[in-house]
Amino acid sequence: MLVVFAVALLIVAAAVVILFAMLAELATRVPERSGPARDPQIRPLEEARLGHAPTGWPAGLPDPEHAVLLVLSTVCNSCRDVAEQLVVDPGHADWTGMAVIVSSASRENGEEFIRRYRLTGFPVHIDAGGAWLTEEFGVHTSPGALVFRSGKLISAHVFNNVSSLRSALETVDYENTRQEQRAQKEAV
Amino acid sequence: MGPADWILLAANALAAAMLLTAGLGKLVSPDPVRRALTEIVPGTVRTRTVVRGFALAETLAAVSLLVPAVRVPAAAGTSALGVCFVALGLRGRFGRSTEPCGCFGPSSRRPLGWANVGVGLALAAVYPLNARLAPGMDLADYQASGTLLTAVGAIALCLHVNRRLIVRLLWPTRGVPAGNEVP
């Protein structure tokens, strides 16, 4: 009887060893993070309806002539990190034309999210059920960034690092401005 | 049980635990060992099958050490494996190996070196010990006690080898995975 128990325990021990070996193998495929390192890559948000001019524009948001809307979801881990980046790490209170769209199951959840992550210093709109984002722009992914120029959605991005996103958008804006200036000079 | 029985039991259980943990780790993940061996002996070990075959030999030796009927031949096999580890450890040490050996699975970060030589010498001593001593206890008691000690030893060794992974899982650092669905 004791032999049977001992063999059963050995089988369990072998299973534990195998399980840890599998976990370790999986872990080697995931880069180890040290400190608050965030993926700086900015990727296109393929599903967004580029070129669309929204039929409805929530009050309190920046003018869609020149606006960037950051889409955050209350159930998304990355979105919580983005919220922290906006407020304190490193903080982007000086970003003019930027607003936060909080997509949540209910208005109460959205308000709780804004309160918890101290987003009250930014223009914020709560999109209950994600209805506005889905119907107007076909967006289902977060964290996302929607860029508006002249009242239309001109680009949409998936991101994790707010500073990288901001740098990328400023570079695009700078290049566009230079192209416009060049075109004006040639016209003259 | 006299002191000699305890020594034999403990030595065999410890050897079996080490071989079992190492063998199962290599069976699951043979690539680290393959890379480490390719670094010190280029051109010899190219396939996962070879490494997994070696891992299977380790596992069989571990289990066989606990079976009284095949204890002595298993001890001979264990000592042969020990001699291999000594040779590879020395080759890794003097060849200035840098590749993690993967001896107990992917969590083994140390390159082949003195630690492998030490483990190899310990395993090499298993056959002389088994040839000299025989269990004075009931063989069923030897098998049961040895198996229990091996199971506990394997779990303890596994937790020790994977301690960094455990810490990483229990206390994750900041930095979160990619985004999710908008509800």
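The values are calculated or read from the model by the stated rules, or taken from the named source; none is laboratory data. What you are looking at is a predicted structure, and each value in this text was computed from that prediction instead of being measured. Quick reminder, even Gly has a Cβ in these numbers, built from the backbone with ideal geometry, and neighbours come from all protein chains shown. All accessible areas refer to the heavy atoms of the entire protein, side chains included, with ligands and DNA or RNA removed. Shrake-Rupley method; radii C 1.70, N 1.55, O 1.52, S 1.80 Å.
So, B:V50, is that one without any contact (Cβ under 8 Å) to a residue 24 or more places away in the chain and either buried (at least 17 other Cβ atoms within 10 Å of the Cβ) or farther than 18 Å from B:V161 by Cα (or both) or not?
Yes: the conditions hold for B:V50.
Take the residues in region B:1-30 that are part of a loop (DSSP other than H, G, I, E, B) and not hydrophobic (A, V, I, L, M, F, W, C), then tell me which one is surrounded by the fewest Cβ atoms within 10 Å (Cβ to Cβ).
For region B:1-30, the residue satisfying everything is B:G2.
At least 2 residues that are open to solvent by less than 30 Å² (accessible area, probe 1.4 Å) and closer than 22 Å to A:I42 by Cβ in each: list the strands (runs of 3 or more DSSP E) lying fully within region A:110-187 that qualify.
Qualifying strands (runs of 3 or more DSSP E): A:144-149, A:152-158.
Please enumerate the residues belonging to region B:116-129 that are touching a residue at least 60 places away in the same chain (Cβ under 8 Å) and either in contact with a strand residue (DSSP E or B) (Cβ under 7 Å, 6 or more places away or on another chain) or open to solvent by less than 40 Å² (accessible area, probe 1.4 Å) (or both).
Once the filter is applied, which keeps residues that are touching a residue at least 60 places away in the same chain (Cβ under 8 Å) and either in contact with a strand residue (DSSP E or B) (Cβ under 7 Å, 6 or more places away or on another chain) or open to solvent by less than 40 Å² (accessible area, probe 1.4 Å) (or both), region B:116-129 yields B:L123, B:V126.
Could you list, in sequence order, all residues of region A:45-78 that are outside any loop (DSSP other than H, G, I, E, B), without any contact (Cβ under 8 Å) to a residue 60 or more places away in the chain and away from every other protein chain (no Cβ under 14 Å)?
None; the set is empty.
Of all residues in region B:36-63, which are part of a helix (DSSP H, G or I), among the polar types (S, T, N, Q) and away from chain A (no Cβ under 13 Å)? Break it down into steps so the answer makes sense when it comes.
Applying the first criterion (part of a helix (DSSP H, G or I)) to region B:36-63 yields B:36-40, B:48-63.
From the residues that got through so far, the ones that are among the polar types (S, T, N, Q) too are B:38, B:49, B:59.
B:T38, B:T49, listed by residue number.
Across region B:112-147, what is the number of residues that are in contact with a Gly (Cβ under 6 Å, 6 or more places away or on another chain) and farther than 27 Å from B:M1 by Cα?
5
Look at region A:5-35 and say how many of its residues are more than 7 Å from chain B (Cβ to nearest Cβ), at pLDDT 90 or above and either under 17 Å from B:F104 (Cβ atoms) or in a loop (DSSP other than H, G, I, E, B) (or both).
Going through region A:5-35 one residue at a time, the tally reaches 2.
Checking B:L129 against (1) closer than 30 Å to A:N160 by Cα; (2) away from chain A (no Cβ under 14 Å); (3) not aromatic (F, W, Y), which test does it fail?
B:L129 satisfies every listed condition except (1).
Of (1) in a helix (DSSP H, G or I); (2) more than 13 Å from chain A (Cβ to nearest Cβ), B:V33 satisfies all except one. Which?
So the condition that B:V33 fails would be (2).
Test of understanding: among B:G105, B:G153, B:G113, B:G146, which residue is facing chain A (nearest Cβ under 9 Å), crowded, with 18+ Cβ neighbours inside 10 Å and modelled with pLDDT under 90?
B:G105
Looking at region A:105-136 only, could you name the residues that are touching an Asp or Glu at 6+ places or on another chain (Cβ under 8 Å) and farther than 17 Å from A:G60 by Cβ?
Residue satisfying the conditions is A:Y117 alone.
Looking at (1) open to solvent by less than 10 Å² (accessible area, probe 1.4 Å); (2) modelled with pLDDT under 90; (3) at the interface with another protein chain (Cβ under 9 Å from one of its Cβ atoms), can you tell me which one A:R38 breaks?
With (1) open to solvent by less than 10 Å² (accessible area, probe 1.4 Å); (2) modelled with pLDDT under 90; (3) at the interface with another protein chain (Cβ under 9 Å from one of its Cβ atoms) applied to A:R38, the lone miss is (1).
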